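The values are calculated or read from the model by the stated rules, or taken from the named source; none is laboratory data. Fair warning: this is a prediction, and the values are worked out from it, not measured in the lab. For neighbour counting, all protein chains shown are included, and Cβ atoms are generated from backbone atoms with ideal geometry for every residue, glycine included.
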């Protein structure tokens, strides 16, 4: 069975001619821009020019304020979009919001300011989006239907290999992550649990690997969302 990266590689290779990038993200729970409920995706795969988005969208939580994601969370149909203020777009009104300015600035600067997004509202409240970034002059409406079909095929292929929702953490790994979520450093956790700092780091690293997390904060976000830690 092909892996998630292999399937996304194949999808990017099959994108419309001239496509600048592709990004796939999946969360086991619905997207929410509410800071109290927001969590990063469980899976995010980017190709081409879209790879540069991942660090800022996840590390600086621009994913939460991205108007494309907010539109996708509320509809089921595929849609085209543009961050160019002079162009009609489903996100045009959102571009006037101050918190969207940082998102717009980056995408315009990276020439990734237009594209097509396919929202996928999945069983058990899972949510995914598949987005292709298009160059200036691309006629999004002429390829929207074909890209939507390709996106649904990709999701069908990905579903069997997406992260399972069973708790993979050992009791000690969950305890260390829970204390991390409460703001404790590895050294402080070691003191609280009467363990060596190196052992705590080992537990946190193991938890991150099991959860497929990019870093410690992402591991905490995943475990919290799945209610594997409190």
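Taking region 117-149 as the range and being under 19 Å from the mean Cα position of the chain (by Cα), at pLDDT 95 or above and in a helix (DSSP H, G or I) as the test, only 148 passes. When region 35-60 is filtered for residues that are part of a loop (DSSP other than H, G, I, E, B) and within 10 Å of the chain's Cα centre (by Cα), the ones remaining, listed by number, are 39, 40, 41, 42. Just one of the listed residues (111, 72) is surrounded by fewer than 20 Cβ atoms within 10 Å (Cβ to Cβ) and either touching a residue at least 24 places away in the same chain (Cβ under 8 Å) or not in a helix (DSSP H, G or I) (or both), namely 111.
Against the conditions (1) in contact (Cβ under 8 Å) with a residue 12 or more places away in the chain; (2) more than 30 Å from residue 227 (Cβ to Cβ); (3) not in a loop (DSSP other than H, G, I, E, B), residue 77 satisfies every one except (3). Of all residues in region 183-230, those that are closer than 19 Å to residue 26 by Cα and either in contact with a strand residue (DSSP E or B) (Cβ under 8 Å, 6 or more places away or on another chain) or not in a helix (DSSP H, G or I) (or both) total 8. Total residues in region 17-37 satisfying the condition of being more than 17 Å from residue 119 (Cβ to Cβ) and surrounded by 13 or more Cβ atoms within 10 Å (Cβ to Cβ): the figure is 3. When 92, 14 are checked against the criterion of being assigned by TED's automatic domain parsing to the domain that holds residue 131, under 26 Å from residue 142 (Cβ atoms), out of contact with any helix residue (DSSP H, G or I) (no Cβ under 6 Å at 6 or more places or on another chain) and surrounded by fewer than 16 Cβ atoms within 10 Å (Cβ to Cβ), a single residue qualifies: 14.
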